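The values are calculated or read from the model by the stated rules, or taken from the named source; none is laboratory data. Quick caveat, the model's predicted, so the values are computed rather than measured. Using ideal geometry, Cβ is built from the backbone for each residue, glycine included, and neighbour counts are taken over all protein chains shown. Please note that ligands, DNA and RNA were not included when accessible areas were found on the heavy atoms of the full protein model with its side chains. Shrake-Rupley method; radii C 1.70, N 1.55, O 1.52, S 1.80 Å.
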Amino acid sequence: MSRFDHYFQMNVCDVIEYTLEKVREIDWDLGSMEAIVPKSHGNLNYVYRVWDGKGHSIYIKQAGTETRISKDMKPSTDRNRLESEIIMLEDKFAPGMVPHIYFFDTVMCACGMEDCSDYVVMRDAMLQHEIFPRFADDISTFMVETLLLSSDVVMDHKEKKELIRKFISPDLCDITEKLVLMEPYNDLNHRNNVFAPNADFVKKELYSDEKLHLEVAKLKFKFMTEAQALMHGDLHTGSIFIRQDATKVFDSEFGTYAPMGYDVGNVVANLIFAYDNGLAAGAAAFCDWILKTIEKTIDLFIGKFSERFDEAVTEPMAKVPGFKEWYLEGILNDTAGYAGTELHRRTVGMANVVDVTTIADEKKRLLAERINIFAGKDYIMHQSSFRTGADFTAAVKKAKEAAERTL
Ligand code: SR1
Ligand code: MG
(Lines give C-alpha, C1' and ligand atoms only; values in the text may rest on other atoms or scores of the structure.)
(Ligands and ions follow the chains in the order given, each with its own letter.)
Protein backbone atom coordinates (compact mmCIF):
# COMPACT_ATOMS: atom_id res chain seq x y z
CA MET A 1 0.00 0.00 0.00
CA SER A 2 1.21 3.45 -0.85
CA ARG A 3 -0.48 6.80 -0.69
CA PHE A 4 0.38 7.13 -4.37
CA ASP A 5 -1.99 4.26 -5.29
CA HIS A 6 -4.74 6.80 -5.95
CA TYR A 7 -4.52 9.99 -7.99
CA PHE A 8 -4.24 13.32 -6.18
CA GLN A 9 -2.47 16.51 -7.14
CA MET A 10 0.93 16.62 -5.46
CA ASN A 11 2.67 19.58 -3.88
CA VAL A 12 6.39 20.19 -3.30
CA CYS A 13 6.37 18.13 -0.10
CA ASP A 14 4.62 15.13 -1.70
CA VAL A 15 7.05 14.97 -4.61
CA ILE A 16 10.04 14.18 -2.39
CA GLU A 17 8.35 11.08 -0.98
CA TYR A 18 7.01 10.25 -4.45
CA THR A 19 10.49 10.49 -5.98
CA LEU A 20 11.94 8.20 -3.32
CA GLU A 21 9.25 5.63 -4.03
CA LYS A 22 9.39 5.80 -7.82
CA VAL A 23 13.05 6.40 -8.62
CA ARG A 24 14.87 3.67 -6.78
CA GLU A 25 17.73 3.47 -9.27
CA ILE A 26 19.10 6.70 -7.74
CA ASP A 27 20.72 6.46 -4.30
CA TRP A 28 18.93 9.52 -2.85
CA ASP A 29 20.28 11.21 0.27
CA LEU A 30 16.97 11.61 2.11
CA GLY A 31 18.23 14.14 4.68
CA SER A 32 19.31 16.66 2.06
CA MET A 33 16.42 16.28 -0.40
CA GLU A 34 14.59 19.40 -1.52
CA ALA A 35 11.98 20.30 -4.14
CA ILE A 36 10.94 23.49 -5.89
CA VAL A 37 8.64 24.62 -8.67
CA PRO A 38 10.95 25.83 -11.50
CA LYS A 39 10.50 29.38 -12.83
CA SER A 40 9.32 28.36 -16.31
CA HIS A 41 6.20 26.30 -16.79
CA GLY A 42 3.73 25.59 -19.56
CA ASN A 43 -0.01 26.15 -19.80
CA LEU A 44 -1.14 22.71 -18.71
CA ASN A 45 0.86 20.79 -16.09
CA TYR A 46 2.73 20.94 -12.78
CA VAL A 47 6.51 20.53 -12.75
CA TYR A 48 8.84 20.11 -9.77
CA ARG A 49 12.60 19.87 -9.54
CA VAL A 50 13.76 17.46 -6.84
CA TRP A 51 17.41 17.18 -5.78
CA ASP A 52 19.69 16.11 -2.94
CA GLY A 53 23.02 17.28 -1.52
CA LYS A 54 24.92 14.49 -3.30
CA GLY A 55 24.28 15.86 -6.80
CA HIS A 56 21.26 13.75 -7.73
CA SER A 57 18.27 15.47 -9.30
CA ILE A 58 15.15 14.89 -11.39
CA TYR A 59 12.09 16.68 -12.74
CA ILE A 60 8.70 15.32 -11.72
CA LYS A 61 5.90 16.36 -14.05
CA GLN A 62 2.26 15.75 -13.19
CA ALA A 63 -0.89 16.33 -15.21
CA GLY A 64 -3.56 18.16 -13.22
CA THR A 65 -7.24 17.51 -13.85
CA GLU A 66 -7.60 21.12 -15.05
CA THR A 67 -5.16 23.11 -17.18
CA ARG A 68 -3.14 25.87 -15.57
CA ILE A 69 -4.25 28.37 -18.20
CA SER A 70 -7.98 27.74 -17.70
CA LYS A 71 -9.88 25.85 -15.02
CA ASP A 72 -12.63 25.26 -17.60
CA MET A 73 -10.37 23.03 -19.67
CA LYS A 74 -10.02 19.48 -18.40
CA PRO A 75 -8.05 17.44 -20.95
CA SER A 76 -7.53 13.78 -20.03
CA THR A 77 -4.72 13.27 -17.52
CA ASP A 78 -3.60 10.40 -19.78
CA ARG A 79 -1.65 13.16 -21.54
CA ASN A 80 1.23 12.43 -19.19
CA ARG A 81 1.52 8.84 -20.44
CA LEU A 82 1.26 10.12 -23.99
CA GLU A 83 4.03 12.64 -23.47
CA SER A 84 6.30 10.10 -21.75
CA GLU A 85 5.85 7.42 -24.38
CA ILE A 86 6.33 9.88 -27.23
CA ILE A 87 9.53 11.24 -25.69
CA MET A 88 10.80 7.67 -25.25
CA LEU A 89 10.12 6.97 -28.92
CA GLU A 90 11.64 10.28 -30.02
CA ASP A 91 14.77 9.27 -28.09
CA LYS A 92 15.02 6.21 -30.34
CA PHE A 93 14.60 8.29 -33.52
CA ALA A 94 16.81 11.20 -32.45
CA PRO A 95 19.03 9.86 -29.62
CA GLY A 96 19.97 12.39 -26.94
CA MET A 97 17.71 15.12 -28.34
CA VAL A 98 15.02 14.66 -25.67
CA PRO A 99 15.31 14.35 -21.87
CA HIS A 100 15.63 10.83 -20.43
CA ILE A 101 12.35 9.52 -18.99
CA TYR A 102 13.01 7.55 -15.78
CA PHE A 103 9.44 6.30 -15.37
CA PHE A 104 5.83 7.18 -16.02
CA ASP A 105 2.98 6.38 -13.73
CA THR A 106 -0.55 6.07 -15.08
CA VAL A 107 -2.09 6.26 -11.57
CA MET A 108 -0.63 9.60 -10.47
CA CYS A 109 -0.43 10.70 -14.13
CA ALA A 110 3.16 11.75 -13.50
CA CYS A 111 6.59 11.02 -14.90
CA GLY A 112 10.21 11.42 -13.85
CA MET A 113 12.27 13.28 -16.40
CA GLU A 114 15.98 14.12 -16.65
CA ASP A 115 16.79 17.36 -14.84
CA CYS A 116 17.66 19.82 -17.58
CA SER A 117 18.32 22.80 -15.32
CA ASP A 118 21.78 23.10 -16.87
CA TYR A 119 19.87 24.22 -19.98
CA VAL A 120 17.52 27.19 -20.33
CA VAL A 121 14.02 27.14 -21.76
CA MET A 122 14.58 28.62 -25.20
CA ARG A 123 11.76 31.18 -24.91
CA ASP A 124 13.41 32.63 -21.78
CA ALA A 125 16.72 32.88 -23.64
CA MET A 126 14.98 34.51 -26.61
CA LEU A 127 13.61 37.20 -24.27
CA GLN A 128 17.22 37.94 -23.30
CA HIS A 129 18.13 38.03 -27.03
CA GLU A 130 20.69 35.27 -26.66
CA ILE A 131 22.14 33.68 -29.78
CA PHE A 132 22.55 29.90 -30.27
CA PRO A 133 24.54 29.24 -33.46
CA ARG A 134 23.82 25.50 -33.60
CA PHE A 135 20.05 25.64 -33.09
CA ALA A 136 19.10 25.39 -36.78
CA ASP A 137 21.30 22.33 -37.22
CA ASP A 138 19.94 20.62 -34.10
CA ILE A 139 16.24 21.32 -34.63
CA SER A 140 16.37 20.35 -38.31
CA THR A 141 17.96 17.02 -37.33
CA PHE A 142 15.32 16.44 -34.65
CA MET A 143 12.47 17.13 -37.07
CA VAL A 144 13.86 15.08 -39.95
CA GLU A 145 14.59 12.05 -37.76
CA THR A 146 11.38 12.02 -35.73
CA LEU A 147 9.07 12.86 -38.63
CA LEU A 148 10.55 10.81 -41.43
CA LEU A 149 11.26 7.69 -39.34
CA SER A 150 7.70 7.61 -37.93
CA SER A 151 6.11 7.98 -41.38
CA ASP A 152 4.95 5.38 -43.93
CA VAL A 153 8.01 6.22 -46.01
CA VAL A 154 10.18 4.35 -43.52
CA MET A 155 8.09 2.58 -40.88
CA ASP A 156 6.25 -0.68 -41.49
CA HIS A 157 2.66 0.36 -42.25
CA LYS A 158 1.09 -1.98 -39.71
CA GLU A 159 3.46 -0.84 -36.99
CA LYS A 160 2.69 2.77 -37.89
CA LYS A 161 -1.05 2.16 -37.61
CA GLU A 162 -0.51 0.70 -34.14
CA LEU A 163 1.24 3.93 -33.21
CA ILE A 164 -1.65 5.98 -34.57
CA ARG A 165 -3.92 4.03 -32.23
CA LYS A 166 -1.55 4.46 -29.28
CA PHE A 167 -0.87 8.16 -29.73
CA ILE A 168 -4.29 9.60 -30.27
CA SER A 169 -5.56 12.00 -27.65
CA PRO A 170 -8.98 13.37 -28.61
CA ASP A 171 -8.80 16.05 -25.89
CA LEU A 172 -5.44 17.45 -26.93
CA CYS A 173 -6.32 17.33 -30.64
CA ASP A 174 -9.50 19.18 -29.75
CA ILE A 175 -7.46 21.96 -28.14
CA THR A 176 -5.35 22.39 -31.29
CA GLU A 177 -8.35 22.13 -33.61
CA LYS A 178 -10.13 24.92 -31.72
CA LEU A 179 -7.38 27.15 -30.34
CA VAL A 180 -5.13 27.07 -33.40
CA LEU A 181 -7.27 26.12 -36.38
CA MET A 182 -10.54 27.93 -35.72
CA GLU A 183 -10.88 30.51 -32.94
CA PRO A 184 -8.26 32.99 -34.20
CA TYR A 185 -10.60 33.49 -37.19
CA ASN A 186 -14.00 33.71 -35.50
CA ASP A 187 -13.61 33.84 -31.68
CA LEU A 188 -16.42 31.29 -31.60
CA ASN A 189 -15.86 30.47 -27.91
CA HIS A 190 -15.26 34.07 -26.81
CA ARG A 191 -11.88 33.38 -25.27
CA ASN A 192 -9.51 35.13 -27.66
CA ASN A 193 -7.09 37.59 -26.10
CA VAL A 194 -6.97 40.50 -28.49
CA PHE A 195 -4.81 43.51 -27.63
CA ALA A 196 -7.48 46.25 -27.47
CA PRO A 197 -5.67 48.83 -29.65
CA ASN A 198 -5.43 46.17 -32.37
CA ALA A 199 -9.09 45.07 -32.23
CA ASP A 200 -10.27 46.78 -35.45
CA PHE A 201 -7.26 45.52 -37.37
CA VAL A 202 -7.87 41.94 -36.15
CA LYS A 203 -11.53 42.19 -37.08
CA LYS A 204 -10.68 43.30 -40.61
CA GLU A 205 -7.66 41.08 -41.30
CA LEU A 206 -8.62 37.88 -39.46
CA TYR A 207 -12.32 37.78 -38.54
CA SER A 208 -13.70 39.18 -41.82
CA ASP A 209 -11.47 37.63 -44.48
CA GLU A 210 -13.49 34.80 -46.03
CA LYS A 211 -10.77 33.74 -48.46
CA LEU A 212 -8.46 33.28 -45.48
CA HIS A 213 -11.13 31.28 -43.64
CA LEU A 214 -11.40 28.86 -46.55
CA GLU A 215 -7.65 28.16 -46.54
CA VAL A 216 -7.64 27.73 -42.74
CA ALA A 217 -10.60 25.35 -43.02
CA LYS A 218 -8.53 23.22 -45.42
CA LEU A 219 -5.57 23.28 -43.01
CA LYS A 220 -7.88 22.24 -40.16
CA PHE A 221 -9.24 19.27 -42.09
CA LYS A 222 -5.73 18.30 -43.17
CA PHE A 223 -4.63 18.33 -39.52
CA MET A 224 -7.63 16.21 -38.52
CA THR A 225 -7.34 13.63 -41.29
CA GLU A 226 -3.75 13.31 -42.55
CA ALA A 227 -1.88 10.85 -40.33
CA GLN A 228 1.48 11.50 -41.99
CA ALA A 229 3.94 11.26 -39.10
CA LEU A 230 4.17 11.30 -35.32
CA MET A 231 4.72 15.00 -34.90
CA HIS A 232 5.51 16.77 -31.66
CA GLY A 233 2.42 18.93 -31.95
CA ASP A 234 3.60 21.91 -29.89
CA LEU A 235 7.13 22.59 -31.08
CA HIS A 236 7.51 26.14 -29.81
CA THR A 237 10.46 27.71 -27.98
CA GLY A 238 8.84 26.93 -24.62
CA SER A 239 9.12 23.20 -25.49
CA ILE A 240 12.87 23.38 -26.07
CA PHE A 241 15.75 23.27 -23.58
CA ILE A 242 18.82 24.89 -25.05
CA ARG A 243 22.44 25.70 -24.31
CA GLN A 244 25.38 26.55 -26.54
CA ASP A 245 26.41 22.94 -27.14
CA ALA A 246 23.08 21.06 -27.17
CA THR A 247 19.32 21.18 -27.68
CA LYS A 248 16.63 18.98 -26.12
CA VAL A 249 12.96 18.94 -27.07
CA PHE A 250 10.34 18.17 -24.41
CA ASP A 251 6.61 18.61 -23.73
CA SER A 252 5.41 16.23 -26.45
CA GLU A 253 1.91 15.76 -25.01
CA PHE A 254 0.27 17.24 -28.12
CA GLY A 255 2.06 14.64 -30.22
CA THR A 256 -0.13 12.68 -32.61
CA TYR A 257 -0.13 11.47 -36.21
CA ALA A 258 -0.66 14.60 -38.32
CA PRO A 259 1.10 16.54 -41.11
CA MET A 260 4.86 16.95 -40.67
CA GLY A 261 4.67 20.61 -41.64
CA TYR A 262 2.79 21.34 -38.43
CA ASP A 263 6.05 21.01 -36.46
CA VAL A 264 8.26 22.81 -38.97
CA GLY A 265 5.73 25.65 -39.23
CA ASN A 266 5.60 25.98 -35.44
CA VAL A 267 9.37 26.41 -35.26
CA VAL A 268 9.29 29.11 -37.96
CA ALA A 269 6.44 31.02 -36.28
CA ASN A 270 8.01 30.92 -32.83
CA LEU A 271 11.31 32.21 -34.19
CA ILE A 272 9.30 35.12 -35.66
CA PHE A 273 7.91 35.88 -32.17
CA ALA A 274 11.50 36.09 -30.93
CA TYR A 275 12.27 38.40 -33.87
CA ASP A 276 9.28 40.60 -32.90
CA ASN A 277 10.65 40.97 -29.41
CA GLY A 278 14.19 41.68 -30.63
CA LEU A 279 12.85 44.29 -33.03
CA ALA A 280 10.97 46.10 -30.27
CA ALA A 281 14.13 46.11 -28.13
CA GLY A 282 16.37 47.32 -30.97
CA ALA A 283 18.43 44.10 -30.77
CA ALA A 284 19.66 44.19 -34.38
CA ALA A 285 22.25 41.41 -34.18
CA PHE A 286 19.72 39.10 -32.54
CA CYS A 287 17.09 39.83 -35.21
CA ASP A 288 19.65 39.13 -37.87
CA TRP A 289 20.49 35.82 -36.27
CA ILE A 290 16.81 34.89 -36.00
CA LEU A 291 16.21 35.52 -39.71
CA LYS A 292 19.33 33.54 -40.63
CA THR A 293 18.18 30.76 -38.29
CA ILE A 294 14.78 30.56 -39.98
CA GLU A 295 16.51 30.31 -43.34
CA LYS A 296 19.00 27.68 -42.14
CA THR A 297 16.31 25.64 -40.39
CA ILE A 298 14.26 25.37 -43.57
CA ASP A 299 17.20 24.81 -45.91
CA LEU A 300 18.83 22.24 -43.62
CA PHE A 301 15.48 20.51 -43.14
CA ILE A 302 15.07 20.21 -46.92
CA GLY A 303 18.63 18.96 -47.48
CA LYS A 304 18.66 16.50 -44.58
CA PHE A 305 15.16 15.24 -45.36
CA SER A 306 16.11 14.54 -48.96
CA GLU A 307 19.31 12.69 -47.99
CA ARG A 308 17.72 10.72 -45.17
CA PHE A 309 14.78 9.80 -47.38
CA ASP A 310 17.14 8.08 -49.84
CA GLU A 311 18.97 6.24 -47.03
CA ALA A 312 15.94 5.12 -45.03
CA VAL A 313 13.02 4.67 -47.47
CA THR A 314 11.45 1.19 -47.29
CA GLU A 315 8.08 1.71 -49.02
CA PRO A 316 8.46 0.56 -52.65
CA MET A 317 6.04 3.13 -54.05
CA ALA A 318 7.84 5.96 -52.25
CA LYS A 319 10.91 5.03 -54.34
CA VAL A 320 9.12 5.87 -57.60
CA PRO A 321 11.04 8.74 -59.27
CA GLY A 322 9.42 12.10 -58.51
CA PHE A 323 7.61 10.90 -55.37
CA LYS A 324 10.18 12.32 -52.91
CA GLU A 325 10.05 15.76 -54.53
CA TRP A 326 6.22 15.75 -54.52
CA TYR A 327 6.16 14.65 -50.86
CA LEU A 328 8.63 17.33 -49.79
CA GLU A 329 6.70 20.02 -51.64
CA GLY A 330 3.61 19.01 -49.68
CA ILE A 331 5.54 19.33 -46.42
CA LEU A 332 6.72 22.81 -47.39
CA ASN A 333 3.17 23.88 -48.30
CA ASP A 334 2.03 22.65 -44.87
CA THR A 335 4.99 24.34 -43.17
CA ALA A 336 3.87 27.68 -44.58
CA GLY A 337 0.21 27.08 -43.76
CA TYR A 338 0.76 26.01 -40.16
CA ALA A 339 3.40 28.69 -39.57
CA GLY A 340 0.59 31.07 -40.50
CA THR A 341 -1.97 29.59 -38.12
CA GLU A 342 0.57 29.55 -35.27
CA LEU A 343 1.46 33.20 -35.95
CA HIS A 344 -2.21 34.12 -35.75
CA ARG A 345 -3.29 32.07 -32.77
CA ARG A 346 -0.41 33.22 -30.55
CA THR A 347 -1.20 36.84 -31.46
CA VAL A 348 -4.98 36.88 -30.97
CA GLY A 349 -5.98 33.50 -29.53
CA MET A 350 -6.28 32.22 -25.99
CA ALA A 351 -2.62 31.25 -25.48
CA ASN A 352 -0.48 34.28 -26.31
CA VAL A 353 3.31 34.40 -26.12
CA VAL A 354 5.33 36.57 -23.76
CA ASP A 355 7.67 37.52 -26.62
CA VAL A 356 4.82 39.75 -27.85
CA THR A 357 2.74 40.49 -24.73
CA THR A 358 5.74 41.87 -22.80
CA ILE A 359 6.42 44.56 -25.42
CA ALA A 360 5.48 47.57 -23.28
CA ASP A 361 5.40 50.28 -25.93
CA GLU A 362 1.96 50.25 -27.60
CA LYS A 363 3.17 51.18 -31.08
CA LYS A 364 5.95 48.59 -31.00
CA ARG A 365 3.51 45.92 -29.85
CA LEU A 366 1.13 46.84 -32.64
CA LEU A 367 4.00 46.55 -35.10
CA ALA A 368 4.86 43.09 -33.76
CA GLU A 369 1.26 41.89 -33.89
CA ARG A 370 0.72 43.20 -37.40
CA ILE A 371 3.94 41.60 -38.67
CA ASN A 372 2.60 38.28 -37.34
CA ILE A 373 -0.81 38.81 -38.88
CA PHE A 374 0.49 39.88 -42.31
CA ALA A 375 3.24 37.24 -42.50
CA GLY A 376 0.77 34.58 -41.33
CA LYS A 377 -1.71 35.55 -44.03
CA ASP A 378 0.99 35.50 -46.70
CA TYR A 379 2.06 31.99 -45.59
CA ILE A 380 -1.52 30.68 -45.55
CA MET A 381 -2.67 32.30 -48.79
CA HIS A 382 0.45 31.49 -50.87
CA GLN A 383 1.56 28.14 -49.44
CA SER A 384 3.16 26.94 -52.65
CA SER A 385 5.41 30.03 -52.92
CA PHE A 386 7.62 29.02 -49.97
CA ARG A 387 10.31 26.69 -51.23
CA THR A 388 13.49 27.96 -49.53
CA GLY A 389 14.44 29.51 -46.22
CA ALA A 390 14.89 32.86 -47.96
CA ASP A 391 11.27 32.69 -49.19
CA PHE A 392 10.10 32.40 -45.57
CA THR A 393 12.16 35.36 -44.33
CA ALA A 394 11.28 37.53 -47.33
CA ALA A 395 7.66 37.27 -46.13
CA VAL A 396 8.67 38.55 -42.69
CA LYS A 397 10.49 41.54 -44.19
CA LYS A 398 7.54 42.27 -46.47
CA ALA A 399 5.12 41.98 -43.54
CA LYS A 400 7.25 44.39 -41.51
CA GLU A 401 7.09 47.00 -44.27
CA ALA A 402 3.33 46.53 -44.66
CA ALA A 403 2.80 46.71 -40.88
CA GLU A 404 4.85 49.91 -40.64
CA ARG A 405 2.61 51.51 -43.28
CA THR A 406 -0.45 50.89 -41.06
CA LEU A 407 0.99 52.77 -38.07
C1 SR1 B 1 -5.07 25.01 -23.15
S2 SR1 B 1 -3.45 24.81 -23.59
C3 SR1 B 1 -3.03 26.18 -24.57
C4 SR1 B 1 -1.83 25.96 -25.37
O5 SR1 B 1 -0.73 25.65 -24.52
C6 SR1 B 1 -0.03 24.53 -25.03
O7 SR1 B 1 1.34 24.70 -24.94
C8 SR1 B 1 -0.50 24.37 -26.46
O9 SR1 B 1 0.22 25.20 -27.33
C10 SR1 B 1 -1.91 24.80 -26.34
O11 SR1 B 1 -2.49 25.15 -27.56
MG1 MG C 1 3.45 22.70 -23.62
* Structure fact -> For residue 229, other-chain or 5+-apart residues with amide H closer than 5 Å (H placed, Pro excluded) are 258, 260
* Asked: Once phi is turned into θ = phi - 60°, what whole-Hz ³J(HN,Hα) does the Karplus curve with 6.51, -1.76 and 1.60 give for every residue of the stretch 191-203, x standing for Gly and Pro?
  -> 10, 5, 10, 9, 5, 3, x, 9, 4, 5, 4, 5, 4
* Structure fact -> Computed over the chain: longest principal axis from alpha-carbon atoms vs helix 261-281 long axis, angle to nearest 10 degrees, is 80 degrees
* Structure fact -> Sorted by chain and number, the residues with a modelled amide H under 5 Å from that of residue 102, at a separation of 5 or more or across chains, are 112, 113, 114
* **At 1.002 mPa s and 20 °C, Stokes D of the chain from Kirkwood alpha-carbon radius, µm² per second** => 98 µm²/s
* Structure fact -> In nanometres, the difference between 0.36 nm per residue of separation and the alpha-carbon distance of residue 32 and residue 164 is 43.2 nm
* To do: Please sort 96-104, 158-166 by packing, taking for each peptide the average over its residues of neighbouring beta carbons within 10 angstrom, highest first.
  => 96-104, 158-166
* Structure fact -> Note to self, the chain gives a 222 nm [θ] from helices alone (DSSP H runs n ≥ 4, -39500 (n - 2.57) apiece, / all residues, nearest 500) of -15500 deg cm²/dmol
* Quick one: if the Förster radius is 22 Å, what FRET efficiency do residue 397 and residue 40 give, using the C-beta to C-beta distance and rounding to 0.05? -> 0.10
* To do: Give me the angle, in degrees from 0 to 90, between the Cα long axis of helix 157-166 and the longest principal axis of the Cα atoms of the chain, rounded to the nearest 10.
  => 70 degrees
* To do: Please give the helix 12-22 orientation as an angle from the longest Cα principal axis of the chain, in degrees from 0 to 90, rounded to the nearest 10.
  => 70 degrees
* Qualifying lysines (Cα of each under 22 Å from Cα of residue 319; at least 8 residues distant if same chain) -> 158, 160, 161, 304
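For the stretch 5-77, compute Rg over Rh where Rg is the Cα radius of gyration and Rh is the Kirkwood radius from the inverse mean 1/r over Cα pairs.
Working: Rg = 13.4 Å, Rh = 13.2 Å.
Taking Rg over the Kirkwood Rh, I get 1.01.
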* **Accessible area expressed per residue, the chain, with surrounding protein chains retained (probe 1.4 Å, Å²)** => 41 Å²
* Structure fact -> With a Förster distance of 56 angstrom and the Cβ-Cβ distance between residue 1 and residue 381, calculated FRET efficiency to the nearest 0.05 equals 0.40
* Asked: In whole angstrom, how far apart do the alpha carbon centroids of the stretch 1-79 and the stretch 215-289 sit?
  -> 27 Å
* To do: Assuming a ≥ b ≥ c are the square roots of the Cα gyration tensor eigenvalues, decide whether the stretch 85-190 counts as rounded (a/c under 1.5), prolate (otherwise, with a/b larger than b/c) or oblate.
  => rounded
* Read phi for every residue in the stretch 45-59 and hand back ³J(HN,Hα) as whole Hz from Karplus 6.51 cos²θ - 1.76 cosθ + 1.60, θ = phi - 60°, with x for Gly and Pro. => 10, 10, 10, 10, 10, 10, 8, 10, x, 9, x, 8, 7, 7, 9
* **Packing rank of 280-288, 259-267, where each peptide gets the mean count of other beta carbons within 10 Å, highest leading** => 259-267, 280-288
* Can you spot the lysines whose alpha carbon is less than 16 Å from residue 22's alpha carbon? Ignore those fewer than 8 places along the same chain. => 61
* **the chain - percent of accessible surface contributed by carbon and sulfur, probe 1.4 Å** => 54 percent
* To do: Could you name the lysines whose alpha carbon sits less than 16 Å from that of residue 74, not counting residues in the same chain fewer than 8 places away?
  => 178
* Would you mind working out the magnitude of the charge dipole of the chain relative to its Cα centre, with +1 at each Lys and Arg C-beta and -1 at each Asp and Glu C-beta, to the nearest 20 Debye? => 960 debye
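Below 8 Å, C-alpha to C-alpha, sequence gap of six or more: please give me the relative contact order for the chain in percent. Please list the in-between numbers first.
Details: 689 pairs, mean separation 66.5, N = 407.
Answer for the chain is 16 percent.
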